[in-house]
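First the structure, in the form of structure tokens, and then the observations on it.
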Amino acid sequence: GDRQVIARAGMLLAMALALAGCAGSLLESNAEAPDTYRLVGEALADRGGRQPLALAVARPRATTALDTNRIAVVQPDSRFDYFAGLRWSEAAPQMVQQQLVRSLTADGRFEAVVAAPSRVPTDLRLDVELRRFEAVYAAAGAPPEVRVELQVSLVDTRQVRRLVSFTATGAAPAGADGRAAVVAAFERATNEAVRGVVDQVRSAAPAVTR
């Protein structure tokens with residue numbers, strides 16, 4: 001009867017909405033404005049030991065697939081894709097650059113930390129490559145794990161020499177296969193990777209006596 005038709009239509013609509021919240025196809029047909037998210041980053045404590053050095057953080061290099069404001073997904077069959085109806089507020093490399101500047105500033109090791117390019121003369125430069133920034137699904141319908149990987153080099157621009165190179169990683173399982181849970185996992189994984197950068201750079205920074 002009419003009630004069965006209405007009930008079936010309601011079930012089909014609910015299924016369509018549920019699928020829209022999962023890892024979507026590159027061929028998005030909906031015209032609605034996507035939900036936009038921004039990573040806040042954690043507040044690091046000032047650990048002191050300030051050096052009279054200025055550090056420039058370069059915008060991370062990334063492949064075309066990651067240099068975007070779309071939120072990347074790796075499907076169970078290793079296909080690279082993006083979430084439907086979801087966006088970052090900026091391209092992922094720019095967002096990571098901003099978080100590195102904030103965290104390195106808060107840590108208190110350097111007299112100044114700026115985003116490159118900058119008009120401020122600097123003593124050191126942090127070169128970064130964003131190698132991974134994606135939600136990885138081991139099985140369809142299961143919550144993904146977010147993985148972040150940064151390849152980093154600290155360069156002394158005064159002597160034109162590399163002080164240290166290293167890889168910083170972060171991984172965080174999402175609590176559910178939903179938008180808020182996946183974004184929260186991106187937050188945790190990015191925070192872990194950024195903390196690794198801050199610790200390594202802090203240790204490698206040259207000591208300067210005034």
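The values are calculated or read from the model by the stated rules, or taken from the named source; none is laboratory data. All figures in this text were calculated on a predicted structure; none of them were measured in a lab. Here the Cβ positions follow ideal geometry from the backbone for every residue, glycine too, while neighbour counts run over all protein chains shown. Quick note on the areas: whole protein, heavy atoms, side chains included, nothing else; ligands and nucleic acids left out. Shrake-Rupley method; radii C 1.70, N 1.55, O 1.52, S 1.80 Å.
Among the residues making up the range 174-184, a single one is outside any loop (DSSP other than H, G, I, E, B), in contact (Cβ under 8 Å) with a residue 24 or more places away in the chain and open to solvent by 40 Å² or more (accessible area, probe 1.4 Å): Arg179. Modelled with pLDDT under 95, more than 30 Å from Pro206 (Cα to Cα) and in contact with a Pro (Cβ under 7 Å, 6 or more places away or on another chain), is that true of Gly85? Considered against the rule, which asks whether it is modelled with pLDDT under 95, more than 30 Å from Pro206 (Cα to Cα) and in contact with a Pro (Cβ under 7 Å, 6 or more places away or on another chain), Gly85 comes out as yes.
Each row is one residue, and each column tells you yes or no for (1) open to solvent by less than 10 Å² (accessible area, probe 1.4 Å); (2) more than 23 Å from Arg70 (Cβ to Cβ); (3) of a type in the set (D, E, K, R).
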residue: Gln98; (1), (2), (3): no, no, no
residue: Arg109; (1), (2), (3): no, yes, yes
residue: Ala116; (1), (2), (3): no, yes, no
residue: Arg119; (1), (2), (3): no, yes, yes
residue: Glu129; (1), (2), (3): no, no, yes
residue: Ala138; (1), (2), (3): no, no, no
residue: Val148; (1), (2), (3): yes, no, no
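Consider the range 185-210 and keep the residues that are part of a helix (DSSP H, G or I) and among the hydroxyl-bearing types (Ser, Thr, Tyr). The one that is least open to solvent (accessible area, probe 1.4 Å) is Thr190.
The range 32-106 holds strands (runs of 3 or more DSSP E) entirely within its bounds, and those carrying 2 or more residues that are more than 30 Å from Ala142 (Cβ to Cβ) map to 51-57. Residue count for the range 37-90 under the criterion of being open to solvent by less than 20 Å² (accessible area, probe 1.4 Å), out of contact with any Lys or Arg (no Cβ under 7 Å at 6 or more places or on another chain) and under 22 Å from Val198 (Cα atoms): the result is 6.
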